[in-house]
Amino acid sequence: MEKQSQKKPVSILGIPFENTNQEQFESLLKQRIDHHKNTFVVTANPEIVMYARQNRPYEVLIKKADYIIADGIGIIIGAKLLKDPLQERIAGYDLFVSLLEWGSQNHKSAYFVGAKTEVINKLREIVTQKYTGLKIAGTHNGYFGDDRNIVGDIARTQPDMVFVATGFPKQEAFIDKNRQISDSLWMGIGGSFDVLTGTVKRAPKSWQKMHLEWLYRVVKEPSRISRLSVLPRYLMAVLKERLSGR
Ligand code: UDP
């Protein structure tokens, strides 16, 4: 089985992105899960790229992942500007939902870490009702200091998939520190538990098609607006990289 997908990764500000599409990538992950291959997936957007630029330990850490995928239209635009286009955006949330569906059909197991207690409790209910074939190895909210209990649980249950939704950089740090305890798929998926439980609404399909999902989130949660300030800095850095010919 191959580790990498077919095409060579596309580097954006030093971060290597898989040049793949959702269908191909999903089938690669499913194969790896079937073979109990330990797999770390980072779903990265421009915020993560810029954070990694300023935080060397985080950069080193995410580069240890098996795959970094383009979760954000900003990454697709960045690759275009660098004249090394990526096939498509792969949203972490879409991957998450597809893997739950597949996991249900194929009787896989999953562990869920992240979000507030009421959200993770609701997630448990929804997954139990909607993905009846999927075994819930365990759940834990994302507001923990000491991770010993969670890690002990995962080591004992050896789930096929571990979904960590505590936002970056916490989720990647957790995965990097603990992934050796179980040969699972380990994936950081930001606010996905909030979306699956309906706590936060995802942009309607029409907004998604126009690549305006980021704008929808800010309209719904205006407190996120300061997080957008990273975008012009990101684009400037990409343009600089283009001009310097890397
Ligand atoms: N969260 C968490 N633990 C923390 C901080 C945040 O579990 O210590 C959760 C939070 O409740 C939310 C998610 O992490 O469900 C962060 O979502 P966001 O969309 O902000 O993710 P990001 O864009 O940072 O990846």
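Any read-out appearing in this document is the output of simple, stated calculations on the displayed coordinates, not a laboratory observation. Because the structure is predicted, anything quoted here is derived from the model rather than measured. Every residue, glycine among them, receives a Cβ derived from its backbone with ideal geometry; neighbour counts consider all protein chains shown.
Quick notes on this structure:
- Cα gyration tensor category, rounded, prolate or oblate, for the stretch 33-86 with a/c compared to 1.5: oblate
- Along the stretch 72-88 the Karplus relation, 6.51 cos²θ - 1.76 cosθ + 1.60 evaluated at θ = phi - 60°, assigns HN-Hα couplings of x, 5, x, 6, 5, 5, x, 5, 5, 4, 8, 6, 9, x, 8, 5, 6 Hz to successive residues, with x for each Gly and Pro.
- Each of ILE12, ILE120 has some number of other Cβ atoms within 10 Å of its Cβ, and from fewest to most they run ILE120, ILE12.
- With coordinates expressed along the principal axes, the C-alpha atoms belonging to the stretch 87-152 extend over 37, 30, 22 Å, beginning with the largest.
- Here the relative contact order of the stretch 76-151, from alpha carbon pairs under 8 Å that lie six or more residues apart, stands at 30 percent.
- Applying 1/(1 + (r/R0)^6) with R0 = 25 Å to the Cβ-Cβ distance of LEU239 and LYS209 gives a FRET efficiency near 0.45.
- 25 Å tail of the calculated P(r), the chain, as % of Cα pairs: 41 percent
- 3J(HN,Hα) from dihedral phi, the stretch 191-202, Karplus parametrisation 6.51/-1.76/1.60, rounded to Hz, x for glycine, proline: x, 4, 5, 4, 6, 4, 8, x, 5, 10, 8, 7
- Unit Cα scatterers, Debye sum, the stretch 39-165: log10 I(q)/I(0) for q = 0.15, 0.17 Å⁻¹: -0.84, -1.02
- Considering only the chain, percent of DSSP beta bridges that pair antiparallel, nearest 5: 10 percent
- Helical contribution to [θ] at 222 nm, DSSP H n ≥ 4, -39,500 (n - 2.57), averaged over the chain, rounded to 500: -14000 deg cm²/dmol
- If R0 is 22 Å, the Cβ-Cβ spacing of TYR143 and LYS220 corresponds to a FRET efficiency of close to 0.50.
- Sorting VAL113, VAL119, VAL218 from the fewest to the most surrounding beta carbons within 10 angstrom yields VAL218, VAL119, VAL113.
- Of all the options LYS83, LYS37, LYS209, the one that moves most in a Gaussian network model of the chain with Cα springs shorter than 10 angstrom is LYS209.
- Each of MET187, MET50, MET210, MET161 has some number of other Cβ atoms within 10 Å of its Cβ, and from fewest to most they run MET210, MET50, MET161, MET187.
- Sites ILE136 and LYS64 - FRET efficiency at Förster radius 22 Å, r taken between beta-carbons, to 0.05: 0.20
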